[in-house]
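K.L.:
Questions regarding the structure given below will be posed in turn.
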Amino acid sequence: MSESLEWGRRYLMVRPDHFRIDYVINPYMSTQDQPDSELALKQWDSLRQAIADAGGEVEVLAQRPDSPDMVYAMNLGLATVDGRAMLSHMRFEPRRRESLTAGDWFTEHGFALGRTGSDGVGPHFESGDAFVFGDSLVVGYGPRTEAEALEHLATEWGIRVRGMRIAHEGMYHLDLPFCPVDSTHAMVYPPAFDAESQAELFGIVPDPIVLTDEEAFAFSANSIVVNETIVMPACSPRLREILTGLGLRVVVLDLTEFHKGGGSVRCLTNPLDFPLTRITRLGGELILPA
Ligand code: ARG
C-alpha cells in the first residue's frame, strides 16, 4: 500500500529578479538564449501560486544580483523538518556565492547548519541531488556531487545514504531523472544512471514509473508533489493517466524561461521538511553501487 509523501509541504523559493544566463555549466544553457525577465517572473509567480493552491507554504528569499542561477533554489541546501540544513558546496565557482546568502537564511530561520566544504575545499555537494525516499537518503553523484560528500552526510547526520551514480550529462542532478511521487511510486529515467545504479534504483523503488526519453527531456521528473497535487512542467497523456490513477491532481505549468538555465519546477523549489526519523542509523551508513 502506498502512502502520501511525508514531506513537500513547505518550500523556499528565490524570486527571479536577476535571472540571466551569464555562463554555461550544463548542456541546456546558452548565453545566446537569454530569458525574458518579465515572462520569467510571471511563470515563477504561477508556480508559487500553484503551491499555495495545493495547500503548501512558500518562503521567499531575495536573489543576489551576482548569482543568476540562484533562482534554482533546490540547490541551496538540504533542509530537514527537525531543523538541520546541509549547505551546498557548488561544483562551479560562479554558483558559490549563493551559499553565503543561503547559509544566513537557514541560520536566521532556526536551522543548524552543516557543510561538506566551501570555496572549492572539501567535497562538492549540490542538494538537487538528494531526496529522502524509502529507508534512505538517495543521493545522485558524479556530475555535481562527489562521493565523499555522501560519506559526510551519512556520518554527520547519522543516516543511511544510498548513492546513485549519474552517467548522463543532460541529467546532471538527481532531480532531473528521479521524482518521488508517494511512498512506493517514483518517476525514474534509467538511462541517466550507470548499469549498477539502475539496478540499485529498481531495487529501492517498489513501483517505478519509467519515463520515455521525450518525457524525461521535457523535464517531467522535475516536478513536485504538494499534498494531493503534482505540479509539473510537462505531462504526456500516458503519464497523466498513471498519476491521476494514483489519486493526484495534475497541474501543468509553463516554465520555458527557466528551462533555458536547465531547470524547472523542482529546481525552483527547495523542500524544507525532509524527515530523517525513518532513515536514522547509529553512526550512519553509506551504501554505494558496486
Ligand atoms: N543552471 C543551473 C545549474 O546548472 C541549473 C540548476 C538546476 N537545478 C536543479 N536542481 N537541477 O546549476
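K.L.:
What percent do you get for the relative contact order of the range 232-290 when only Cα pairs under 8 Å and 6+ apart count? The partial results should precede the final answer.
P.N.:
Numbers: 21 pairs, mean separation 17.3, N = 59.
Worked out over the range 232-290, it gives 29 percent.
K.L.:
Carbon-plus-sulfur fraction of the accessible area of the chain, 1.4 Å probe, in percent? Don't jump to the answer; show the numbers that get you there.
P.N.:
Values: 5570 of 11020 Å².
Reported share for carbon and sulfur atoms: 51 percent.
K.L.:
Further question: Taking every pair of alpha-carbon atoms in the range 136-261, what share in percent sits in each 10 Å bin, from 0 to the bin with the longest distance?
P.N.:
Pairs per bin, as whole percents: 13, 43, 34, 11, 0.
K.L.:
What fraction of the DSSP beta bridges in the chain is antiparallel, stated in percent and rounded to the nearest 5? If you can, show how the numbers build up before the last one.
P.N.:
On the way: 19 of 45 bridges.
So the antiparallel bridges amount to about 40 percent of the total.
K.L.:
Something else now. So if a site counts as exposed when it's one of the GluC sites (Glu not before Pro), its DSSP state isn't H, G, I, E or B, and it has at most 16 other Cβ atoms within 10 Å, what's the longest stretch of the chain without one? Before the final figure, lay out the partial values.
P.N.:
On the way: sites that count: Glu3, Glu6, Glu169, Glu228.
Longest stretch, sites excluded: 7-168.
K.L.:
Add +1 for every Lys or Arg and -1 for every Asp or Glu among the other residues with Cβ under 14 Å from the Cβ of Gly117, and state the total.
P.N.:
On the way: positive: Arg91, Arg95, Arg96, Arg115, Arg144; negative: Glu93, Asp119, Glu126, Glu146, Glu148, Glu151, Glu156.
My count for the surroundings of Gly117 gives -2.
K.L.:
List the relative contact order of the chain as a percent without decimals, with contacts defined as Cα pairs under 8 Å and 6+ residues apart.
P.N.:
Computed over the chain, the figure is 26 percent.
K.L.:
Tell me the per residue accessible area of the chain using a 1.4 Å probe; a whole number in Å² is fine. Present the calculation step by step, with values, prior to reporting the outcome.
P.N.:
Working: 11020 Å² over 290 residues.
The answer is 38 Å² per residue.
K.L.:
Here's another thing I want to ask about it. Which order do Asp273, Asp213 take by accessible area at a 1.4 Å probe, largest first?
P.N.:
Asp213, Asp273
K.L.:
Kindly report, to the nearest 10 Å², the accessible surface of His109 as traced by a 1.4 Å probe over protein heavy atoms only.
P.N.:
80
K.L.:
I've got another one for you. Once fully extended, how much extra length lies between Glu38 and Phe92, figured as 0.36 nm per residue of separation less the alpha-carbon to alpha-carbon distance?
P.N.:
Details: separation 54, 0.36 × 54 = 19.44 nm, distance 2.72 nm.
Full extension of this stretch gives 16.7 nm more.
K.L.:
For Cα pairs less than 8 Å apart in space and 6+ apart in sequence, what is the mean separation divided by the residue count of the range 96-235, i.e. the relative contact order in percent? It would help to have the intermediate numbers written out before the result.
P.N.:
On the way: 215 pairs, mean separation 22.7, N = 140.
Contact order relative to length: 16 percent.
The values are calculated or read from the model by the stated rules, or taken from the named source; none is laboratory data. These numbers come from a predicted model, not from an experiment. Counting neighbours? That spans all protein chains shown, and the Cβs are built from the backbone with ideal geometry, glycine included. Accessible surface areas use protein heavy atoms only, side chains included; no ligands, DNA or RNA. Shrake-Rupley method; radii C 1.70, N 1.55, O 1.52, S 1.80 Å.
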